[in-house]
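K.L.:
Below are the structure tokens for one structure; questions will follow.
The values are calculated or read from the model by the stated rules, or taken from the named source; none is laboratory data. As the structure is a prediction and not an experimental result, all values here were calculated from the model. Cβ: placed from backbone, ideal geometry, glycine included. Neighbour counts: every protein chain shown.
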Amino acid sequence: MKEDLKNSIDFLNKKTGRNSGFSVPENYFSEVEELIFAEVTTTSFSKDTGFTTPSDYFNNLEDKILNTISTPQKESKIIHFKSNLLKAIPFVAAASIALFITLNSFFFKESTTFSLDSVSQNDIENWLESKTFTNTEIANVIGDDFLKLNDFSFTEIKTENLEDYLTTMDTQELLNEIEN
């Protein structure tokens, strides 16, 4: 296609008889951008930076910095742990006593005391009916001294009550109770 273009430009120049007198070097348009950029960068930046360092600057730099930083050493105050501890002991003791009293009165306070009087008789009867006890368990609870008693000195039985009981009881039933 370039050949056709070249031929057409030559053809037009021959027909018109005009020669502009201008010519473009070979590969001019493909390389012109790079040439302009290279020329601008080399001419716009100067080779002199404008910065200079004093002579022996880097040799003396460390000493100058250390001289400006270092301050005269102050003697530090020594605080003894023992003296501070002895001052704090009374406060710690008072705080622990106050904490103990507070916890004891608010958190560990028993709201109700348990006694046998606070349990109803029906509850006791229901509990005894739901449990089965052997003779050995009953004997352990009551004790041997109580089982050895064979007189009824701890109870008062009136003669009239005893006579009424014996007269109303069937003799056969009475004999069965005595045998058991």
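K.L.:
Taking interchain pairs and intrachain pairs at least six residues apart, which have beta carbon atoms under 9 angstrom, with the first residue in the range 99-117 and surrounded by 10 or more Cβ atoms within 10 Å (Cβ to Cβ) and modelled with pLDDT under 75 and the second part of a helix (DSSP H, G or I) and of a type in the set (Gly, Ala, Ser)?
P.N.:
none
K.L.:
Turning to a different aspect of this structure: Here are some conditions: (1) within 60 Å of the chain's Cα centre (by Cα); (2) at pLDDT 80 or above; (3) in a loop (DSSP other than H, G, I, E, B). Leu66 meets all but one. Which one does it not meet?
P.N.:
(3)
K.L.:
Which ones in the range 120-143 are among the hydroxyl-bearing types (Ser, Thr, Tyr) and either touching a Ser or Thr at 6+ places or on another chain (Cβ under 7 Å) or assigned to a loop (DSSP other than H, G, I, E, B) (or both)?
P.N.:
Scanning the range 120-143 gives Ser120, Thr132, Thr134.
K.L.:
Scan (1) at pLDDT below 80; (2) in a helix (DSSP H, G or I) for the single condition Glu160 breaks and write down its number.
P.N.:
(1)
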